[in-house]
Amino acid sequence: MSSGQESVFSEYETDTSQTSKLLRKFKETPFVPIGMAGFAMVVGYGLYRLKHRGDMKMSLHLIHVRVAAQGFVVGAITCGVLYSMFREYVVKPKE
């Protein structure tokens, strides 16, 4: 790149801190971290309950945990899509 030429990614290069980049992405898509946190909580709870599963087979317990975690992530993605559609089509003024 020549020194006289302006960078295409100038707005992204000004934020050099990883924390500021992460916070900016969380503000743009707020349901991604909610989905990730929910996934981690469901998996953590499933691992905690693994010890006290009773007479249930381990494979069946793991399948239930996987389905619950995937359901939480799909729900978070659906809420995120609905939120972005609401922001774009309802809140955004007509041009």
Worksheet item: Could you list, in sequence order, the residues of region 45-72 that are open to solvent by 90 Å² or more (accessible area, probe 1.4 Å) and either closer than 29 Å to MET85 by Cβ or under 13 Å from the mean Cα position of the chain (by Cα) (or both)?
Response: ARG66, GLN70
Worksheet, complete the sentence: Of the candidates VAL42, VAL90, the one satisfying the condition of being out of contact with any Asp or Glu (no Cβ under 9 Å at 6 or more places or on another chain), open to solvent by less than 50 Å² (accessible area, probe 1.4 Å) and under 28 Å from GLU28 (Cα atoms) is VAL42
Worksheet item: Restricting attention to region 15-39, and to residues there that are in contact with a helix residue (DSSP H, G or I) (Cβ under 9 Å, 6 or more places away or on another chain) and open to solvent by 100 Å² or more (accessible area, probe 1.4 Å), which single residue is modelled with the lowest pLDDT?
Response: LYS25
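The values are calculated or read from the model by the stated rules, or taken from the named source; none is laboratory data. These numbers come from a predicted model, not from an experiment. Neighbour counts are summed over all protein chains in view; Cβ atoms, including those assigned to glycine, are modelled from backbone coordinates with ideal geometry. Note: areas computed on protein heavy atoms with side chains; ligands, DNA, RNA excluded. Shrake-Rupley method; radii C 1.70, N 1.55, O 1.52, S 1.80 Å.
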